[in-house]
Amino acid sequence: MSDCQYVRDHYSVPACIGRRVTVNGQPGVIAQDCGHHIGVLFDADKPGHISPCHPTWRVDYLGMGRIRRMTRAQQRYKRYLEFGDGFDSFLDFCRWDSQPERSWNT
């Protein structure tokens, strides 16, 4: 299924990646498909901090918006959380992460 297709089909809401929403009074934008939930990046949170929200619980769907991008440091830290267990230190991870053959360094 495409992004948020399950939520649209089962909850009859106009959920899609990039749509502005207000959840329990907090403004944000749908940034990720979380299966049965919508992943919301709230305006008050740092980019990359996705909160899973139920698609019908106090959600107002608005027009389309823009998803804020994470900084390079935030992207690196996210990769460290994913791959970091395989390294002896953060410095070893940084050396591996900065190699030119990595897809994110092209």
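Checking each residue in segment 27-36 for being within 16 Å of Arg8 (Cβ to Cβ) and among the β-branched types (Val, Ile, Thr) picks out only Ile30.
Consider segment 73-91 and keep the residues that are open to solvent by less than 60 Å² (accessible area, probe 1.4 Å) and part of a helix (DSSP H, G or I). The one that is farthest from His37 (Cα to Cα) is Gly84. The set of residues in segment 37-72 being more than 14 Å from Val13 (Cα to Cα), part of a loop (DSSP other than H, G, I, E, B) and touching a Gly at 6+ places or on another chain (Cβ under 9 Å) consists of Asp43, Ala44, Asp45, Ile50, Gly65, Arg66, Ile67, Arg68, Arg69, Met70, Thr71.
A Cβ distance below 7 Å, combined with a sequence gap of six or more or placement on separate chains, defines the contacts here; from segment 92-106, residues that are open to solvent by less than 60 Å² (accessible area, probe 1.4 Å) reach residues that are among the basic types (Lys, Arg) in the pairs Asp97/Arg76; Asp97/Arg79. Restricting the first member to segment 1-28 and to residues that are closer than 20 Å to Asp43 by Cβ, and the second to residues that are among the basic types (Lys, Arg) and in a loop (DSSP other than H, G, I, E, B), the beta-carbon pairs closer than 6 Å and six or more apart or on different chains are Asn24/Arg58. You will find that of Pro14, Pro47, Pro52, the residue that is of a type outside the set (Asp, Glu) and in contact with a Cys (Cβ under 7 Å, 6 or more places away or on another chain) is Pro52 and no other. Considered as a group, the residues in segment 13-36 that are out of contact with any helix residue (DSSP H, G or I) (no Cβ under 9 Å at 6 or more places or on another chain) and in a loop (DSSP other than H, G, I, E, B) include one that is least open to solvent (accessible area, probe 1.4 Å), and that residue is Gly18.
The values are calculated or read from the model by the stated rules, or taken from the named source; none is laboratory data. Not measured: the values here are computed from a predicted model. Because the Cβ atoms are built from the backbone with ideal geometry, glycine has one as well, and the counts that use them run over all protein chains shown. With ligands, DNA and RNA removed, areas are computed over all heavy atoms of the protein, side chains included. Shrake-Rupley method; radii C 1.70, N 1.55, O 1.52, S 1.80 Å.
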